[in-house]
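A short worksheet on the structure shown next.
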Amino acid sequence: MEISYGLTLRCLATLLITKIVRMHPLVTKLPSEATSQKQIILRNFQSLINTKFKSRLSVVQYAHELNITPTHLNRISRAILNISASALIHERSILEAKRLLIYTSATIAEVAYQLGFNDPAHFSKFFHNKSTQKPSDFRKKFIKMA
């Protein structure tokens, strides 16, 4: 009887420890909840960018809309995508600029105004800095390919 009694005690102790570990919030919930919370914030940020990129909002303005600090927004963006929040905003503007330059007959100035730039020269400089070519050169390249 001593063998079965000792075995029963060990089994009950193992069950009790397993139950305690599963119930403990630091072990089971915080890492996954923290990760999913960051992913939710990033998804919300990307959604805001997609709806408001023509407004040319800053990281500070996006962070304010998300009710977090700009520093926290940058940390999340870098942690998940390995890119800064401002770079993510710029990527979306460049993507839309390229789309407009390829698929519309709008002038470069019209594209600039559609994307929220007040000055076409500023748009051209922005485009050149981010894509290493002028908007006119980019458009010519794709017209030749078509």
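No lab work stands behind these numbers, since they all come straight from the coordinates. This structure is a prediction, so every number in the text was calculated from the model and none was measured. Cβ coordinates were reconstructed from backbone atoms using ideal geometry, including for glycine residues, and neighbour counts include every protein chain displayed.
Arranged by the count of other C-beta atoms within 10 angstrom, fewest first, what order do 113, 62, 103 take? Let's see the in-between values first.
Details: 113 16, 62 21, 103 9.
Least to most surrounded, the residues fall as 103, 113, 62.
Using Cβ counts within 10 Å as a stand-in for footprinting exposure, how do 64, 90, 122 rank, fewest first? Could you put the intermediate results ahead of the total?
Details: 64 14, 90 17, 122 11.
By the 10 Å Cβ count, ascending: 122, 64, 90.
Just need the relative contact order of region 90-145 here, percent rounded to a whole number, with Cα pairs under 8 Å and 6+ apart.
Relative contact order of region 90-145: 33 percent.
Say the cut-off is 24 Å between C-alpha atoms; which of 52/125; 38/98; 98/125 go over it?
The answer is 38/98.
Counting only residues 5 or more places away or on other chains, whose amide H sits under 5 Å from the amide H of residue 56 once H atoms are built in the peptide plane?
Distant-sequence amide H within range of residue 56: zero hits.
Would you order 99, 139, 75 from fewest to most other beta-carbon atoms within 10 Å of each residue's own beta-carbon?
Going from least to most buried by this count: 99, 75, 139.
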